[in-house]
1. Would you mind finding the one in Cys89, Cys41, Cys45 that is under 24 Å from Gln138 (Cα atoms), buried (at least 18 other Cβ atoms within 10 Å of the Cβ) and not hydroxyl-bearing (Ser, Thr, Tyr)?
2. Select from region 17-58 the residues that are of a type in the set (Gly, Ala, Ser) and in contact with a helix residue (DSSP H, G or I) (Cβ under 9 Å, 6 or more places away or on another chain) and list them in ascending order.
3. Take Ser71 and decide whether it is closer than 27 Å to Ala124 by Cα, surrounded by fewer than 17 Cβ atoms within 10 Å (Cβ to Cβ) and at pLDDT below 90.
4. Over 25 Å from Cys146 (Cβ atoms) and in contact with a Ser or Thr (Cβ under 8 Å, 6 or more places away or on another chain): does that describe Cys17?
5. What about Gly103, is it modelled with pLDDT under 80, within 24 Å of Gly28 (Cβ to Cβ), buried (at least 16 other Cβ atoms within 10 Å of the Cβ) and assigned by TED's automatic domain parsing to the domain that holds Ile13?
Amino acid sequence: MSTPFSSGDTSQIGAKCDGSVPKNCPKGESIKFSDTGECICIIGCGHFNPAIPVGGDCSKDGKWKCLEIVSTNGSNKMKACVNTTWNLCHTGAASGSGGSDAGSTGSDTTSPPKDTAGPTCKQAGASCEVNSECCSKQCDPDFGDCQ
């Protein structure tokens, strides 16, 4: 995979991880997709100088943006530069200066929601009617809430 970044710590962003505990990822940050098990190097928005705000472009072509991504179980969040084609669960565009990472570094299992344009997927405990509304893709039919 060709990466959209060319120098220093950012040259491996978008590259496949070199192991279960990746050593090739900048700052040790990566994302692991729960549906495929694929691990890809990412970087926190706060590692740029100046920091990239949530919603800001991380790459010149605009294909990588700073989003506050959320794990499928809702327990981890991180402001990270991610590929827009991944359609990740995120908290939506928020105002602010980006700043340092909101979550822990390392792998974070994330699944794509149905659509990232407009409303984001619903977190655990939110009311739902169908699985696709939930970041976890699991809507409890008995209680009508995301798992």
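The values are calculated or read from the model by the stated rules, or taken from the named source; none is laboratory data. Computed from a prediction, not measured in an experiment: that's the story for all the values here. Glycine also receives a Cβ, built like all others from the backbone with ideal geometry; neighbour counts cover every protein chain displayed.
1. Working: Cys41 fails: under 24 Å from Gln138 (Cα atoms); Cys45 fails: under 24 Å from Gln138 (Cα atoms).
Only one candidate passes the filter, namely Cys89.
2. Just the residues of region 17-58 that are of a type in the set (Gly, Ala, Ser), to begin with: 19-20, 28, 30, 34, 37, 44, 46, 51, 55-56.
Within region 17-58, Gly44, Ala51, Gly56 meet the criteria.
3. Values: closer than 27 Å to Ala124 by Cα: yes; surrounded by fewer than 17 Cβ atoms within 10 Å (Cβ to Cβ): no; at pLDDT below 90: yes.
No, not satisfied.
4. Working: over 25 Å from Cys146 (Cβ atoms): yes; in contact with a Ser or Thr (Cβ under 8 Å, 6 or more places away or on another chain): yes.
Criteria met by Cys17.
5. Values: modelled with pLDDT under 80: yes; within 24 Å of Gly28 (Cβ to Cβ): yes; buried (at least 16 other Cβ atoms within 10 Å of the Cβ): yes; assigned by TED's automatic domain parsing to the domain that holds Ile13: yes.
Taking the combined requirement at face value, the residue satisfies it.
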